[in-house]
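This report concerns only the one structure given below.
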């Protein structure tokens, strides 16, 4: 991979783990500025470092052997870089308050130039909302690139929904060698068909604070964010907060009273987020006309109509209640529900409870 001098310097500076974000910028300014300016930035950097650390850092930055090792390690991992000075750095991300100096990529880097939309949520997402998330992301990914994480629950559902189209970007909470991904197989598929990115060098381990940094990148890349599930205190809400601060549109799935995994979503809607239960809610706000006719209602017979209507109106419902509505035995109700599940009309949400898709 060929990089310009400014790109090379950014990648090398970003690899120096002893420095924080501000110190890396000071180092770059001290090395690349005019004589007087360079000295000014060097003095500012020295004030933030202990003892002779500055001289060691400067030597490391200039050392050609060290530089060679940085790029050899990237090549070995199959990781390429896009820096804040690169032409293909995402425009939206460039304008957030603290844009990543370097993005580390595996997969289709061309996705960084596409219109993107974030979909996030809790690991504890109900089966019904997981299926709804997959379906909506499959539809959205025909016109937008879906941006999400790789955790269980809503994030992996979003990635799976968009995977067929290839319009999927997964943002990692650590370096590519320590992605923290429980879903390693899913991540490999994303990297084969879409793109994984991180703002951290490959050797960076996942820590608690790196999840929050990752969430700001998810929001920064995207024109808006859909929160699929969130308790009152959830990491997904931080992504929505970043999006709102960046003047991006925020959407949320609505939940019934007393559903813990949806309390945060309902609070977002109360605070002005768009209520979303279908892809068209998002596409219309973003001004995207698909030219596709509205999805026709499923063809149902008499008993199926009763069950489908019940589940649409009441949400997750136990088979005993379905049997009562039909006036049949529990066994007959379960048989009907199983047939409707095979048709892709409903899903089993646990035990003998079902929900409409």
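Values in this text are rule-based calculations from the coordinates and carry no lab data. Please read all numbers here as calculations on a predicted model, not as lab measurements. When we count neighbours, we look across all protein chains shown, and the Cβ atoms used for this are built from the backbone with ideal geometry, even at glycine.
Annotation: extensible slack from residue 75 through residue 127 equals 14.7 nm (criterion: 0.36 nm per residue apart, minus Cα-Cα distance). A crude spin-label estimate for the pair residue 21 and residue 37, with each label 7 Å from Cα along the Cβ direction, gives 2.2 nm. One decimal place: the segment residue 47-residue 331 gains 94.7 nm when fully extended, by the rule 0.36 nm per residue minus the C-alpha distance. Taking label positions 7 Å along the Cα-Cβ direction at both residue 247 and residue 305, the computed distance is 5.1 nm, reported to one decimal. Rounded to the nearest 10 degrees, the inclination of helix 184-193 to the longest alpha-carbon principal axis of the chain is 80 degrees. Put simply, when 253-259, 99-105, 81-87 are sorted by average Cβ atoms within 10 angstrom per residue, most first, you get 99-105, 81-87, 253-259. Between residue 318 and residue 339, the distance separating the two model label sites (each 7 Å from Cα on the Cα→Cβ line) works out to 2.5 nm.
For segment 211-280, the square roots a ≥ b ≥ c of the C-alpha gyration tensor eigenvalues yield an a/c of 1.5 or more together with a/b not exceeding b/c, which makes the shape oblate.
Ordered by packing density, taken as the mean number of other Cβ atoms within 10 Å over each peptide's residues, highest first, how do 155-161, 171-177, 126-132 rank?
Ranked by mean Cβ neighbours within 10 Å, highest first: 155-161, 171-177, 126-132.
Between rounded, prolate and oblate, where does segment 302-356 land on the alpha carbon gyration tensor, with a ≥ b ≥ c its root eigenvalues, rounded for a/c under 1.5, else prolate if a/b exceeds b/c? Cα axes put segment 302-356 in the rounded bin. Which angle between 0 and 90 degrees, to the nearest 10, do you get for helix 208-221 versus the longest principal axis of the chain when only C-alpha atoms count? The two axes meet at around 80 degrees.
Ranked from highest to lowest mean number of other Cβ atoms within 10 Å per residue, what is the order of the peptides 305-314, 195-204?
Details: 305-314: 16.2, 195-204: 23.1.
The most tightly packed comes first, giving 195-204, 305-314.
For the chain, take the longest principal axis of its alpha carbons; what is the angle in degrees between that and the long axis of helix 35-48, to the nearest 10 within 0 to 90? For helix 35-48, the angle is close to 60 degrees. Under 1.5 on a/c is rounded, so check that first for segment 1-76, then, if it is not, pick prolate when a/b is larger than b/c and oblate when it is not; a ≥ b ≥ c are the square roots of the alpha carbon gyration tensor eigenvalues. The shape class here is prolate.
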